[in-house]
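Asker: One structure is given below, represented as structure tokens, and several questions about it will come after.
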Amino acid sequence: METIIREYNADHPDAAVMQQAGQILRAGGLVAFPTETVYGLGGDALNPEASAKIYAAKGRPSDNPLIVHIADKNALKVLSSDVPDMAWKLADHFWPGPLTMIMPKADIVPRQTTGGLDTVAIRMPSHPTAYELIRSSGVYIAAPSANTSGRPSPTTAQHVAGDLSGRIDMIIDSGKVDIGLESTIVDLTGEVPTILRPGYITKKMLEEVVGRVEIDKAILSDKEDPNLRPKAPGMKYKHYAPKGDLVIVEGPADAVAAKINELTDELEGQNVKCAVIASQENIDRYHAGCVMNIGQRSNEESIAANLYAVLREMDDLGVRKIYSESFSGQGLGAAIMNRLIKAAGHQIIRVQD
Ligand code: TXA
Ligand code: MG
């Protein structure tokens, strides 16, 4: 299959691009498109064959459910048999935007889309291209991140093409995404809303709207614990992983730099290609041949926006060992560290002054 790649600039919309994409979606094909978080791989959420194609294109385990993207809040009533009151409240505050809500599914949503579950994940994205695609196609769009399963999520159309070219019908290119990390997922099927995946919308922001909110224990621990099973099936897989071996080094900046320099000096002495993922504030402290600037500690949004591109770059450079600084676990930092720790397969070295 040849993958069509077309640019779309929402400020100067080209209706022909949306027409072509809409036709593909209505016929059961796959279209990758930008959202404000990451690029998604879209198919008709109510067409089980389209969902099956999504799993096949990504090489994704079929028990890992897809998120259904909508362009109008009222679609909640179509897709859920019992929309929780809190869902309306949260939708009013955070939609369109990077929040996904889990609720009981309606019969019309096929189990192929929900990974066999009786619940459905729904989100209304704020990216104008995503909005226009959902609206103009007339289709509810099931879309996981548009990467090959196990690779970092794509933040540009080039990342999507690198992973899925020849396996999907079309890619809509609207440039780099804004946030760079996947949406916050909140489960509304229990008594207390529970965060299953941290993201740009933080626990504190949710609590300001609905009161108490919990976080799924399985995603809090920085060790892999076989007794804790994440409630979002996707969170149990090793994910976001670069090909090189990634280790996080945590502690005061001086001690971290000293430790990383010691490790990379030794490896480079043995001709092992190494890289360091550093914040802009500390970048001059490192010796290694390849030091990548991931953004500024003083601006966590810059780190979120660069994280996946930096991990992909590591693959392109063919580095075998990667050391990364650690970041604050608060607010957006919680989402950054959640992804980084998974990418590192939970390998963390703690150092002190
Ligand atoms: O920002 C995002 O959410 C992006 C863009 C494209 O919208 N999408 C995305 O999809 O990250 P994906 O498939 O990569 O991640 C979906 C996550 C998985 O961890 C999956 O297990 C969880 O959502 N999920 C989906 N439906 C669920 C359900 N009914 N119950 C629990 N978890 C669910
Ligand atoms: Mg994903």
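Asker: Please list 95, 88 in order of solvent-accessible area, largest first, computed with a 1.4 Å probe with all protein chains present.
Answerer: On the way: 95 15, 88 75 Å².
Largest accessible area first, the residues go 88, 95.
Asker: List, in order, the whole-Hz ³J(HN,Hα) value for each residue of the range 189-202 obtained from phi through the Karplus relation with A = 6.51, B = -1.76, C = 1.60 and θ = phi - 60°; use x for Gly and Pro.
Answerer: My calculation for the range 189-202 gives 8, x, 5, 10, x, 10, 7, 9, 8, x, x, 4, 7, 8 Hz in order.
Asker: Still on this structure: In terms of solvent-accessible area of protein heavy atoms at a 1.4 angstrom probe, what is the ranking of 174, 328, 298, highest value first? Before the final figure, lay out the partial values.
Answerer: On the way: 174 35, 328 55, 298 100 Å².
So, going from the largest accessible area down, we get 298, 328, 174.
Asker: Report residue 263's accessible area, 1.4 Å probe, all protein chains in place, as a number in Å² to the nearest 10.
Answerer: Only protein atoms counted, so the area is about 40 Å².
Asker: When the Cα centres of the range 148-227 and the range 269-289 are compared, how far apart do they sit, in Å?
Answerer: When both Cα centres are located, 29 Å separates them.
Asker: Accessible area of residue 14, 1.4 Å probe, to the nearest 10 Å²?
Answerer: Surface open to solvent at residue 14 totals about 60 Å².
Asker: Can you compute the FRET efficiency between residue 81 and residue 26 using 1/(1 + (r/R0)^6), with r the Cβ-Cβ distance and R0 = 22 Å? Round to the nearest 0.05. List each step's numbers first, then the result.
Answerer: Working: r = 25 Å, r/R0 = 1.14.
The formula returns an efficiency of 0.30 here.
Asker: Related question: Can you classify the chain as rounded, prolate or oblate using the Cα gyration tensor, where a ≥ b ≥ c are the square roots of its eigenvalues, rounded means a/c under 1.5, and otherwise it's prolate if a/b beats b/c and oblate if not?
Answerer: Values: a/c = 1.98, a/b = 1.46, b/c = 1.35.
Since a/c reaches 1.5 and a/b is larger than b/c, the shape of the chain is classed as prolate.
Asker: If you line up the long axis of helix 15-26 against the longest principal axis of the chain, both from Cα atoms, how many degrees apart are they, to the nearest 10?
Answerer: Tilt of helix 15-26: around 80 degrees.
Asker: List the residues whose amide H sits under 5 Å from the amide H of residue 5, counting only those 5 or more places along or on another chain, with H placed 1.01 Å from N in the peptide plane.
Answerer: 171
Asker: State whether the range 21-135 is rounded, prolate or oblate according to the following rule on the C-alpha gyration tensor (a ≥ b ≥ c being the square roots of its eigenvalues): a/c under 1.5 gives rounded; otherwise a/b larger than b/c gives prolate, and the remaining case gives oblate.
Answerer: Details: a/c = 1.71, a/b = 1.19, b/c = 1.44.
Cα axes put the range 21-135 in the oblate bin.
Asker: Might you report the magnitude of the Cβ-based charge dipole of the chain about its Cα centre, with Lys and Arg at +1 and Asp and Glu at -1, to the nearest 20 debye? Don't jump to the answer; show the numbers that get you there.
Answerer: Values: 36 positive and 45 negative charges, 165 e Å.
The dipole of the chain has a size of about 800 debye.
Asker: Accessible surface of residue 69 in the full protein assembly, 1.4 angstrom probe, to the nearest 10 Å²?
Answerer: Result for residue 69: roughly 10 Å² accessible.
Asker: While we're on this one: I'd like the orientation of helix 300-317 relative to the chain: the angle between its Cα long axis and the longest Cα principal axis, in ° from 0 to 90, rounded to 10.
Answerer: Its long axis makes an angle of about 80 degrees.
Asker: Further, regarding this structure: Ignoring any ligand, DNA or RNA, what whole percent of the accessible area of the chain comes from carbon and sulfur when the probe is 1.4 angstrom? Mind showing how you got there, number by number?
Answerer: Numbers: 6950 of 14900 Å².
Carbon and sulfur atoms account for 47 percent of the accessible area of the chain.
Asker: Here's a follow-up. With +1 on each Lys and Arg Cβ and -1 on each Asp and Glu Cβ, and nothing else charged, work out how big the dipole of the range 134-261 is about its Cα centre, in Debye to the nearest 20.
Answerer: Working: 16 positive and 17 negative charges, 50 e Å.
It comes to approximately 240 debye.
Asker: Under the Karplus relation 6.51 cos²θ - 1.76 cosθ + 1.60, θ = phi - 60°, what is the ordered set of whole-Hz ³J(HN,Hα) values for the range 77-93, x standing for Gly and Pro?
Answerer: 5, 7, 8, 10, 6, 7, 6, x, 3, 4, 5, 5, 4, 5, 4, 4, 7
Asker: Just how far, in whole angstrom, is the range 300-353 from the range 60-118 if you go by their alpha carbon centroids?
Answerer: 30 Å
Asker: In addition: Can you give the net charge of the other residues whose Cβ lies under 13 Å from the Cβ of residue 35, counting K and R as +1 and D and E as -1? List each step's numbers first, then the result.
Answerer: On the way: positive: 123, 176; negative: 36, 132, 178, 182.
Net of charged neighbours comes to -2.
Asker: What is the distance, in nm, between label points placed 7 Å from the Cα along the Cα-to-Cβ direction at residue 207 and at residue 74?
Answerer: With each label placed 7 Å out from Cα toward Cβ, I get 3.6 nm.
Asker: Once both labels are modelled 7 Å past Cα along the beta-carbon direction, what's the residue 14-residue 192 spacing in nm?
Answerer: Once both label points are built, they end up 5.1 nm from each other.
Asker: On to the next question. How much accessible area per residue does the chain have, counting only protein heavy atoms and a probe of 1.4 Å, in square angstrom?
Answerer: On the way: 14900 Å² over 353 residues.
Accessible surface, normalised per residue, equals 42 Å².
Asker: May I pose another question? Suppose each label sits 7 Å from its Cα in the direction of the beta carbon; what would the residue 118-residue 266 distance come out to in nanometres?
Answerer: 5.4 nm
Asker: If contacts are Cα pairs under 8 angstrom and at least 6 residues apart, what is the relative contact order of the chain in percent?
Answerer: Values: 792 pairs, mean separation 66.6, N = 353.
Reported relative contact order: 19 percent.
Asker: Still on this model: Write down the percent of antiparallel bridges among all DSSP beta bridges whose residues are both part of the range 78-237, to the nearest 5.
Answerer: On the way: 9 of 15 bridges.
Once the DSSP bridges in the range 78-237 are tallied, antiparallel ones form about 60 percent.
Asker: Also, I was wondering about something else. Sort 148, 189 by accessible area with a 1.4 Å probe, largest first.
Answerer: Of 148, 189, the descending order of accessible area is 189, 148.
The values are calculated or read from the model by the stated rules, or taken from the named source; none is laboratory data. All values reported here derive from a predicted model rather than from experimental measurement. As a convention, Cβ positions derive from the backbone with ideal geometry for all residues, glycine included, and neighbour counts pool all protein chains shown. Calculation scope for accessible area: heavy atoms of the full protein, side chains included, ligands and nucleic acids excluded. Shrake-Rupley method; radii C 1.70, N 1.55, O 1.52, S 1.80 Å.
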